[in-house]
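S.K.: Encoded as structure tokens, here's the structure I'll be asking about.
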Amino acid sequence: MSVKKLRIGISLRVVNAVNYDEKRDALSHDWVLFLEMMKLSPILIPNNLSNVKEFLDDLEINGIILSGGDNIGDDKVRDTTEEHLLNYCMSNNLPLLGICRGMQVINKNFSGTISKTNNDEHVKTSHEVHLAESFSQFLNKKTFVVNSFHRNIIKPENLGNDLTSFATFEHDKTIEGFLSNSYPIMGIMWHPERDPNNDNQLLIKQFFEKN
């Protein structure tokens with residue numbers, strides 16, 4: 001008898017359809033491949049649902065990912081949907097993972113703020129992050145290399161309430177990963193779906209399976 005896979009919902013970005021006067025939801029194919037690689041079932045969550053809670057209840061979601069792409073405020077419908085997703089996870093004690101923009105959404109909802117940087121070491125490159133001692137045992141290493149595709153950053157003094165940093169970029173001390181102290185919530189600034197190595201698979205899979 002096969003083991004039932006965890007059903008992981010994932011938010012979508014909103015894009016303008018070329019040659020059509022309409023908006024569409026979109027997600028990189030990398031995400032579906034990455035989740036299936038970890039034996040997790042991807043559930044795509046539309047941005048124009050009339051009742052997000054009912055949709056998630058019907059599908060018996062086991063966890064949610066707030067995906068990356070775009071800035072907070074670019075599309076109000078997406079902002080509202082992701083706020084519903086965050087509140088749903090907190091109300092139901094479900095694991096929530098924020099990726100890049102998703103991490104920023106979580107930080108903002110915990111009364112944190114976002115800054116912009118002109119440092120190109122965060123743009124279309126890779127760099128090393130240092131892990132907090134309490135977290136380094138989880139991956140059995142103190143540092144590892146991650147990709148970076150952002151100019152929005154979270155400084156230590158701008159970290160939201162109830163959030164604790166576990167990964168930092170030492171060059172500018174910006175926060176690359178955090179955990180909630182009260183909920184099964186994690187945010188990371190890199191894109192694991194674009195680099196599905198063993199570290200990223202271990203990090204994401206264990207986060208959902210242990211919460």
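Read-outs throughout are calculated quantities, based only on the coordinates presented, and are distinct from any laboratory measurement. Keep in mind the model is a prediction, meaning the values are calculated, not measured. Using ideal geometry, Cβ is built from the backbone for each residue, glycine included, and neighbour counts are taken over all protein chains shown.
S.K.: Indicate, rounded to the nearest 5 percent, the antiparallel portion of the DSSP beta bridges found entirely in the chain. Don't skip to the answer; put the middle values down first.
M.R.: Numbers: 24 of 40 bridges.
In the chain, DSSP labels about 60 percent of beta bridges as antiparallel.
S.K.: So how much slack lies between Ser136 and Thr117, counting 0.36 nm per residue of separation and subtracting their Cα-Cα distance, in nm? Walk me through the numbers on the way to the answer.
M.R.: Working: separation 19, 0.36 × 19 = 6.84 nm, distance 2.71 nm.
Going from the current span to full extension adds 4.1 nm.
S.K.: If I model a spin label as a point 7 Å beyond the Cα along the Cα-Cβ vector, how far apart are those points for Ile72 and Gln201 in nm?
M.R.: For Ile72 paired with Gln201, the spin-label model returns 3.3 nm.
S.K.: Want the number for Val18 to Ser91: 0.36 nm per residue separation, take away the alpha-carbon distance, what's left? Before the final figure, lay out the partial values.
M.R.: Values: separation 73, 0.36 × 73 = 26.28 nm, distance 3.82 nm.
Contour length minus Cα-Cα distance gives 22.5 nm.
S.K.: Continuing with this model, one more query. Give the whole-number value, in cubic angstrom per residue, of the convex hull volume spanned by the C-alpha atoms of the range 1-95. Present the calculation step by step, with values, prior to reporting the outcome.
M.R.: Numbers: hull volume 11.5 nm³, N = 95.
Hull volume over Cα atoms, normalised by residue count, gives 121 Å³.
S.K.: Using only the Cα atoms of the range 65-109, what are the Rg and Dmax in Å?
M.R.: 9.8, 28
S.K.: Then there's this: Any aspartates and glutamates with Cα under 19 Å of the Lys4 Cα? List them, leaving off those in the same chain fewer than 8 positions away.
M.R.: Cross-link targets: Glu36, Asp57, Asp58, Glu60, Glu209.
S.K.: Another question, then. Rank Gly98, Gly177, Gly73 by mean-square fluctuation in a GNM of the chain with C-alpha springs under 10 angstrom and give only the top-ranked residue.
M.R.: The residue that fluctuates most here is Gly73.
S.K.: Over 20 Å between C-alpha atoms is what I'm after, so list which of Lys141/Lys205; Lys108/Lys155; Lys23/Lys76; Lys124/Lys210; Lys76/Lys173 land there.
M.R.: Numbers: Lys141/Lys205 17 Å; Lys108/Lys155 13 Å; Lys23/Lys76 13 Å; Lys124/Lys210 32 Å; Lys76/Lys173 31 Å.
Table pairs above 20 Å Cα-Cα are Lys124/Lys210; Lys76/Lys173.
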